[in-house]
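S.K.: I am attaching a structure below and will ask some questions about it afterwards.
Only the coordinates and a few stated rules stand behind these numbers; no lab work does. Remember, it's a predicted structure, so these values are computed and weren't measured experimentally. All Cβ positions, glycine included, derive from the backbone under ideal geometry; neighbour counts span all protein chains shown.
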Amino acid sequence: MAQRPLGVTLVAIIAWLSGFLQIIGSIFVIIAGVFLTPAAIVGWLSLVIGIITLMVGVGLWRGNPTARTVAAIVFIANIVLELLGIFTGETLWSAIGGSILSIIGLILLYTRSARQYFGS
């Protein structure tokens with residue numbers, strides 16, 4: 001397997017941090033929501049997403065092409081949601097700001113060195 005590119009390393013670390021922070025935030029929401037309120041249910045969903053994000057980070061670190069696909073899907077979904085937000089009152093600059101990390105992540109995951117690392 002090729003050496004892990006710096007861009008893939010950065011995206012994996014960001015995934016770990018994001019997943020970790022999402023898990024911590026979810027635990028606080030679940031506890032504050034007394035486990036079964038609507039807010040707590042969202043907290044449980046967020047907890048699951050946080051765990052998946054951590055797993056994707058590990059997969060990216062190890063060069064798993066499925067992890068790259070999942071990360072790309074999440075990045076694209078985030079960009080689409082930000083663009084749809086323009087129609088619900090979000091400013092163009094806010095949508096651009098909210099999409100920038102996803103755009104950078106997509107670029108980093110599909111550079112020539114990243115494609116070699118993931119074997120595609």
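S.K.: So which of L106, L101 ends up being in contact with a Phe, Trp or Tyr (Cβ under 6 Å, 6 or more places away or on another chain) and of a type in the set (A, V, I, L, M, F, W, C)?
M.R.: Residue meeting the stated conditions: L106.
S.K.: Do any helices (runs of 4 or more DSSP H) entirely within the chain hold 1 or more residues that are among the charged types (D, E, K, R), surrounded by 15 or more Cβ atoms within 10 Å (Cβ to Cβ) and more than 17 Å from the chain's Cα centre (by Cα), and if so, which?
M.R.: Per the criteria, 112-117.
Listed here are the residues, each with its yes/no results for (1) in contact (Cβ under 8 Å) with a residue 24 or more places away in the chain; (2) of a type in the set (A, V, I, L, M); (3) touching a His at 6+ places or on another chain (Cβ under 6 Å).
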| residue | (1), (2), (3) |
| --- | --- |
| A67 | no, yes, no |
| A72 | yes, yes, no |
| F75 | yes, no, no |
| I86 | no, yes, no |
| T91 | no, no, no |
| S94 | no, no, no |
| I103 | yes, yes, no |
| L106 | yes, yes, no |
